[in-house]
Amino acid sequence: AANAAPQRQTPGHLRLVDDLDRPQDGYCIDILGSGQHIRFDMPLSAHNCKPGLYQDEAVVFESGGRIRFPAYDACVTAAGINQSVLAGAALMPRRCGERSPFLEADALQRFIHRADGRVELAGSGLCLTVGEQSGPTFDATHRWRALFMQHCEKAALSHSRWRFVVPAAAK
């Protein structure tokens, strides 16, 4: 059954169920940058989950289906045109409910956490998916993967099932 994600008041990680090549920490949805250097103009990625809960990985699932980064009042937003999203589209951190030239973000920010663990853009048949390859970040011990929309039935479960986790250090 496809239900909207339950509302989560406590921020946590949206973490890939399968840890892939990061058995020690797994992959979490992440905004590029850190501290004063957060990049809202760059796509979101799947970054190895950092210990504790940093603002660029801390999300809440809202009752309406938004995945919000509370520190920035930014929401996971599928990159689409005129409310349509295509397979392969990136995800961006944009203001929740943003209305600006060429971006009516509301419909591009509504996600359903399905019973199988996949996170689908409501009504699109497209699910949050990570890429096959990983590469080093600015820290040689960290890894990242592309994060994009893929036809749910075409995405490998190992690359498209997510869980909401509040890290022990953040409880």
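The values are calculated or read from the model by the stated rules, or taken from the named source; none is laboratory data. This is a predicted model, so every value here is computed, not measured. For neighbour counting, all protein chains shown are included, and Cβ atoms are generated from backbone atoms with ideal geometry for every residue, glycine included. Just the protein is used for accessible areas: all its heavy atoms, side chains included, with ligands, DNA and RNA removed. Shrake-Rupley method; radii C 1.70, N 1.55, O 1.52, S 1.80 Å.
See the values below:
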item: Hits in the stretch 127-136 - residues which are touching a residue at least 24 places away in the same chain (Cβ under 8 Å), more than 11 Å from Ala46 (Cα to Cα) and surrounded by fewer than 23 Cβ atoms within 10 Å (Cβ to Cβ); result: Glu132
item: Among (1) open to solvent by 70 Å² or more (accessible area, probe 1.4 Å); (2) in contact with a Gly (Cβ under 7 Å, 6 or more places away or on another chain); (3) of a type in the set (D, E, K, R) - the single one Arg94 does not satisfy; result: (2)
item: Which numbered condition Leu103 misses (of (1) within 23 Å of Pro23 (Cα to Cα); (2) modelled with pLDDT under 95; (3) among the hydrophobic types (A, V, I, L, M, F, W, C)); result: (1)
item: Matching option when the condition is of a type in the set (A, V, I, L, M), more than 25 Å from Pro11 (Cα to Cα), more than 15 Å from the chain's Cα centre (by Cα) and surrounded by fewer than 14 Cβ atoms within 10 Å (Cβ to Cβ), among Ala140, Ala115, Ala168; result: Ala140
item: Residues of the stretch 62-91 classified as under 18 Å from Arg118 (Cβ atoms), crowded, with 18+ Cβ neighbours inside 10 Å and in contact with a Phe, Trp or Tyr (Cβ under 8 Å, 6 or more places away or on another chain), total; result: 6
item: Residue count, the stretch 30-56 (criterion: within 12 Å of Val165 (Cα to Cα) and either buried (at least 17 other Cβ atoms within 10 Å of the Cβ) or in contact with a His (Cβ under 6 Å, 6 or more places away or on another chain) (or both)); result: 2
item: Restricting the stretch 1-29 to residues that are at pLDDT 95 or above and among the basic types (Lys, Arg), the residue that is surrounded by the fewest Cβ atoms within 10 Å (Cβ to Cβ); result: Arg22
item: Qualifying residue in the stretch 27-37 (condition: out of contact with any Ser or Thr (no Cβ under 9 Å at 6 or more places or on another chain) and charged (D, E, K, R)); result: no
item: Scan of the stretch 23-37 for residues that are in contact (Cβ under 8 Å) with a residue 40 or more places away in the chain and either among the β-branched types (Val, Ile, Thr) or in contact with a Cys (Cβ under 8 Å, 6 or more places away or on another chain) (or both), ordered by number; result: Tyr27, Ile29, Ile31
